[in-house]
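Trainee: Have a look at the structure that comes next, please.
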Amino acid sequence: MSAALQTDFSVYVRPAEGDAVRMDLAIEGVDCAACLDDIEGSMRACAGLVSARLNLTTHRLALVWKPQETDAGVLVTALARAGYRAYPFEQSRVEAEEQKRAQWLLKCLAVAGFAAMNIMLLSVSVWSGNSADITPETRDFFHWLSALIALPACAYAGQPFFRSALAGVRARKLNMDFPISLGILLALTMSVVETALHGREAYFDSAVMLLTFLLAGRFLDQSMRRRTRAAAGNLAALKGEVAHRIGQDGALVALPVSALGVGDRILVRPGDRIPADGHILSGASEVDTSIVTGETMRVRVGPGTRVYAGTMNFDGALTLEVTAAGEGTLLDEVARLVEKAGEARSRYMRLADRAARIYAPVVHVTAAATLLFWLVAGAGAHDAIIIAISVLIITCPCALALAVPAVQVVASGHLFRAGIYLNAADALERLAEIDTIVFDKTGTLTLPDPNVSNAAALAPDLLALAARLALSSRHPLAMAVARLAPDAAPFEGAEEVAGAGVSVMLDGVEMRLGSAAFCASDAAAPLSSPDVSLIHLRHGARVAHIEIRQSLRPDARATIDSLRARGFDLRILSGDRLEAVVPVATQLGIEQAAGGIDPAGKIAAIEALRAQGRKVLMVGDGINDAPALAAAHASLSPITAADLAQAQADAVFLGERLAPVAQALDIAMQARALMRQNLGIAVIYNLFAVPLAIAGHVTPLIAAAAMSGSSIIVTLNALRMRGVVRSDARAARPSVPLALATRERRT
């Protein structure tokens, strides 16, 4: 803690709204929702504090305070008194710390698992021998061997729980790790005492097995959080590292993007990402604006057009005047929206956490009362301690700790078979509470890649020529045509004119594919729908107008109808233009649809629904959807989504079908029911077992067996989950390697 207090935190303070200031801290030792309340509660007691918000996923604590009333050092000291180490939030440092913690947890798990396997071999021999003819000397030898393995293994592998429990005691609070640590330590101590007294039973196996189960759950939970943080932290890379500023004499100067200022003139070459927000002074090009609108089609830009950091420039060189740089760009605003939205969702408390708040103090009081009762009743200290330890063992939160994870493991298996992969440990509980579903349009309700919609109306030979010629271009419209002939060879000698099209000489006649002007085609060719884009082909006197549009996912209408029939409120919120959104909404029968919505607008819409008491599921795929995905009660993304969108989503689904959205909700509802049943089983088990243990009718061996039995029961109950993956969905789902190999990541 002293190292944290020696840091000069004042250099990390920056202005906030009004006269307040803000500082972001990374917090160590955060494991559950109870830590969130402890940290924020300890901060609220500080004078001058405006707000304290902890994000459980990133372990990032955002503090806002009035500098005239307190300072950064006082706030960090308050955290230290609460038992938490803090240091300035730096993405690279946080990722390095989390990588170290993941490796440490994995080592602990490996040690506990290896020790458990070897101790069980010895225990089986003792159990068999106790019912046969094992000699006391042999039994003692096996017990001491078990102790030789268990004691150092638990001392090392139990550190995640021991440290957490000790930190809680120092902060005068009892967390879920305290009864776990106490139960393990007392079981080991009693086992050593019984072995030294030549007793028949020892409980090294129970202590180490419990430790192994709990470490496995903690490692998996921490791994999911770490993956989410790592992917989300890559957003800043979209701005690039170097910009080319135009000096007063017209010379180009290469400098870091962080050094750009408002009013600077910069040159953006074809193929470069735009490093800052600005408006175009000169030049014309096509820009991928999917980061802002979610629309996959490139937008033609020219003088006066506003462009944003992170978007990709394709065809021509652009000269920009910077209007926002550094932390003022739209890309950074998206990052701030994601962080703020994630803080709100991370406050969700899981079923197990809610139960643990009541469970831990009850266990301690019960065991202590049992010890005092038997001492007062005249029992010897040894017998009273044995009975009290039996109570602790029989009430050890193994069944409670496994009640939810056991269901999560089984549900995750069903989700995997449905092509759905979880990113968040508590996603199932939140998905089960959904009553409103908000869809993005482009890449979510529609397929991520556009395709030719009027192929049947065109001459097959002319369409085949167009597909071969399109293989020589990287324009999105040309790529849609090229997919009609993926195995064909491109024409030799084809030439592309940036922003216009591609041409080649065929049989002595020039053939062109591209814009209407490039092909000297009728620019007024009729469009079948406002969401259609045209690409033209001319070969001599033969002309074709090829319509490109984004098609609905093949089962979109059936899935939407199914969700509507089950009572879900369905809506579309898209960054794409309204005239492109309306046809999709009409086809799907979704009455409430809005277009032209920016990331902040999507969050505002979700917050408005939350204010009405709605539990919103957001389904989206673009970077512009990431803040809304983080803000929603639960969220899903397709595998073709941008990395940031996948990082913020609770689950990712494979394939071209929309059915996984409905399947995820079905499985989540079943999982929540089983979680509640398992918690009920744990409670009922304690209601029957604890009185027997208090009465002295349960030996530690029977207590350990009962504890293991309760764990087996909740696991078997979890296995009752019914699969909801239909055979047609299973057949349609692509294999994982194929899906990943064909994936094109959108930014």
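None of the figures in this text is laboratory data; all of them are computed from the coordinates on show. If you're wondering where the values come from, they're calculated on a predicted model, not measured in any experiment. Cβ: placed from backbone, ideal geometry, glycine included. Neighbour counts: every protein chain shown.
Trainee: Taking R0 as 41 Å, what's the FRET efficiency between VAL409 and THR189 from their Cβ-Cβ distance, rounded to 0.05?
Mentor: 0.80
Trainee: Please list 196-206, 678-688 highest first by mean number of surrounding beta-carbon atoms within 10 Å per residue. Don't jump to the answer; show the numbers that get you there.
Mentor: Values: 196-206: 19.5, 678-688: 17.1.
In decreasing order of mean packing, 196-206, 678-688 become 196-206, 678-688.
Trainee: How would you order 662-669, 18-25, 41-48 from highest to lowest mean count of nearby Cβ atoms within 10 Å? Write down the numbers at each step before the final one.
Mentor: Working: 662-669: 22.9, 18-25: 16.9, 41-48: 14.0.
Packing proxy ranking, top to bottom: 662-669, 18-25, 41-48.
Trainee: Another question about this same structure. Under a 5 Å amide H to amide H cut-off, with H placed in plane at 1.01 Å, what residues pair with THR446 once short-range neighbours are removed?
Mentor: ARG553
Trainee: With a/c under 1.5 counting as rounded, go ahead and sort the range 479-520 into rounded, prolate or oblate using the C-alpha gyration tensor (a ≥ b ≥ c being the square roots of the eigenvalues; past the cut-off, prolate if a/b is larger than b/c, else oblate).
Mentor: Numbers: a/c = 1.94, a/b = 1.20, b/c = 1.63.
The shape class here is oblate.
Trainee: For a Förster distance of 30 Å, can you work out the FRET efficiency between the beta-carbons of ALA541 and ARG300, rounded to the nearest 0.05? Don't skip to the end; give the middle numbers.
Mentor: Working: r = 29 Å, r/R0 = 0.96.
Once rounded, the FRET efficiency stands at 0.55.
Trainee: Hey, another quick one. Stretched out fully, how many nm does the piece from ALA20 to VAL242 gain, at 0.36 nm a residue minus the Cα gap?
Mentor: Between ALA20 and VAL242, full extension yields an extra 76.6 nm.
Trainee: Which residues' amide hydrogens lie under 5 Å from the amide hydrogen of VAL497, considering only partners 5 or more residues apart or on another chain, with H built in the peptide plane?
Mentor: The list, which skips near neighbours in sequence, is VAL502, SER503.
Trainee: List, in order, the whole-Hz ³J(HN,Hα) value for each residue of the range 193-201 obtained from phi through the Karplus relation with A = 6.51, B = -1.76, C = 1.60 and θ = phi - 60°; use x for Gly and Pro.
Mentor: My calculation for the range 193-201 gives 4, 5, 5, 5, 8, 6, x, 6, 10 Hz in order.
Trainee: Would you tally the net charge around GLN159, using a Cβ to Cβ cut-off of less than 12 Å, leaving GLN159 out, and scoring K and R as +1, D and E as -1?
Mentor: Net local charge, GLN159 excluded: +3.
Trainee: About its Cα centre, what dipole magnitude does the range 451-549 give when the only charges are +1 on Lys and Arg Cβ and -1 on Asp and Glu Cβ, stated in debye to the nearest 20?
Mentor: 160
Trainee: If the chain between LEU106 and ALA558 were fully stretched, how many nm would it gain, using 0.36 nm times the residue separation less the Cα-Cα distance?
Mentor: Length gained, LEU106 through ALA558: 158.3 nm.
Trainee: For ILE597, what residues show an amide H to amide H distance below 5 Å, using hydrogens built from the backbone and excluding near sequence neighbours?
Mentor: Distant-sequence amide H within range of ILE597: SER574, GLY575, ASP576.
Trainee: Continuing with this model, one more query. Could you tell me the calculated FRET efficiency between ALA520 and ASP249, based on Cβ-Cβ distance and R0 = 60 angstrom, to the nearest 0.05? Walk me through the numbers on the way to the answer.
Mentor: Details: r = 43 Å, r/R0 = 0.71.
Working from the Cβ atoms, E equals 0.90.
Trainee: So how far apart, in nm, are the two label points at THR135 and ALA489 if each is 7 Å from Cα heading toward Cβ?
Mentor: Between THR135 and ALA489, the simple spin-label model gives 8.5 nm.
Trainee: Through the Karplus equation 6.51 cos²θ - 1.76 cosθ + 1.60, θ set to phi - 60°, convert the phi angles of the range 428-433 into ³J(HN,Hα) values in whole Hz; use x for Gly and Pro.
Mentor: Using θ = phi - 60°, the values come out as 4, 5, 6, 4, 5, 9 Hz.
Trainee: Now a separate question. With each pseudo-label sitting 7 Å past Cα toward Cβ, what's the VAL169-LEU375 distance in nm, one decimal?
Mentor: Placing both labels 7 Å beyond Cα along the Cβ direction yields 1.7 nm.
Trainee: Tabulate in residue order the Karplus-calculated ³J(HN,Hα) for the range 63-74, using 6.51 cos²θ - 1.76 cosθ + 1.60 with θ = phi - 60°, rounded to whole Hz; enter x for Gly and Pro.
Mentor: So the Karplus estimates, Gly and Pro as x, are 10, 10, 8, 9, x, 6, 10, 7, 9, 4, x, 5 Hz.
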